[in-house]
Amino acid sequence: MSVRRSLIFMLVLIVVLPAAAFTLRANPPQAAQPQRQLQEYTVGLGDVAVSVTAVGRIEPDQTIRLSFPTGGRITALRFEVGDQVVAGDLLAEIENEPQQIALAQADLALMMAQMQKERLLQGADAGQIRIAQANLDAARAAAASAASAVSAADIRTLELAYQQALAAYDAAVAARTTAPGDQPQAAYDLLDARIGQASFNAEIARLQLEQARTGAPAGQRNALNARVRQAQAELDRLLAGPTQAEIDRADAQIAQAQTQVDQARAALDRTRIVAPFDGVIASINAQVGGLALPSVPIIEIIDPDPLRLSILVDEIDIRQIRAGMDAVVRLDALPGVELPATLERIGLVGVNQAGIVSYEVAVRLNGSDPRVRIGMTAEASIVVERRENVPVVPNQFIRLDRQRGRAFVNRLLPDGSLNEVEVALGLQGQDRSEIRSGVAIGDALAVDLSGDSLSLFGG
């Protein structure tokens, strides 16, 4: 572009621009009229609730941190974080082989004591009674032979008794030799006792036979008479059954064995961690092979059923609520989700925070939702008053004149215009309010959302 053309262009701008600006100031453009943005509502029946609202955190029903009462090397961790456990489940162990052996020995001793009492209560069997009767008969025969002259027939009788005693001894030895190997020790002890008894009887029969053949002195006759009394007492004891003193001794042995079992089991329990209730493993602060220190928590269990929300309610509102009231819980992490709940308990002692006194309130969630997690921030609305099936209007359609205590709504007329009318409010909820008079069921209401005509509840 040449210098001359440039000068001409600049001159045109200097003349034209001020003229254009003057024209715009003299004839400003007309502002566009705002269009109405009506939101409509038809008066109908509904429910209104007044609530006390507070914010808190989702908490489990109970939480416990578990530890070993004694230290040791960890040999087992049977669950992982997040696993479900049932009350009584074995969670962890430290080295406990000596404790397991001690418990097994104590259990065996208790079983033996109980078996001995059972045998005592059953009394003597037919075989024991026959043996005792035979001993008595032999003792009487020996005493009688010593007290009178011995004939050839008496000697033959004593020889027969001796042979029978030897046969009984051989039978007892055979019974012990062929006894099965899986019986309790007490059974073998009984067989050995029978062998000893049979051996003793055989020896008595032999001595009686020898005495009959050679004659017995007075001292020996006295001993034989004492043997008769002893055999008679043994037979009477077997026929009479156990005495109360014998039963008491057997009970004392069982009680002592049970005490040893309890002590051994308690020692083993100190090497184990068991779930005290149904719940979920929240954390594990140990590993197999590591060293567990006494009373240092290594496993945390929570019970997520039911979940609770712990909130603080202002002292002004606390008088409006009571245990058992219905509530609704809303979570920041789950927009639009409302969970039913129940006010469970109210703290007796207030909490003073910056001069404001509040009371701790526990709200229990009814049912379970897998989306709800412990620690989530939540809001609880406790319903303190509710009215059902009454004329209701959303609060955004209501204008309040707080100074004069009056309320108004805009009725939508057939021609599209709005007519403000006064209404009498009943129960005023957070989102909607009860209308007692001023409008009727089916009336059309509207609120203009454009410009300065917007009027909200409480304005």
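Each value in this text was obtained by applying a stated rule to the coordinates, not by laboratory testing. All values derive from a computational prediction rather than experimental measurement. Don't worry about glycine lacking a Cβ; one is built from the backbone with ideal geometry, like all the others, and counts go over all protein chains shown.
Using square roots of five times the C-alpha gyration tensor eigenvalues, list the equivalent-ellipsoid semi-axes of the chain in whole Å, biggest first.
Details: eigenvalues 2357, 192, 63 Å².
Semi-axes, largest first: 109, 31, 18 Å.
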- Query: Tell me, in nm to one decimal, what length is gained between Arg386 and Ala424 on full extension, where the rule is 0.36 nm per residue of separation less the Cα-Cα distance?
  - Reply: 11.9 nm
- Item | Positive minus negative residues near Thr53 (Lys, Arg vs Asp, Glu; Cβ under 11 Å) | -2
- Message: Show me the helices of the chain, taken as full DSSP H stretches, that run 20 Å or more along their long axis by Cα and average 1.0 or above in Kyte-Doolittle hydropathy.
- Response: 3-26
- Item | Gain upon complete extension [Ser295, Asp401; 0.36 nm per residue less C-alpha separation] | 31.6 nm
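Rank by packing, highest mean first: peptides 36-42, 338-344, 413-419, with packing defined as the count of other Cβ atoms within 10 Å averaged across residues. Walk me through the numbers before you get to the answer.
Working: 36-42: 13.4, 338-344: 17.9, 413-419: 9.7.
Going by the mean number of other Cβ atoms within 10 Å, highest first, we get 338-344, 36-42, 413-419.
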- Residue span Thr177 to Arg78: 0.36 nm per residue of separation minus Cα-Cα distance leaves a gain in nm of 30.8 nm
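Average the reciprocal distances over every distinct pair of alpha-carbons in region 124-241, invert the result, and give the Kirkwood radius in Å. Kindly include the intermediate steps, with their values, before the conclusion.
Details: mean 1/r = 0.0663 Å⁻¹.
When all Cα pairs of region 124-241 are included, the Kirkwood radius is 15.1 Å.
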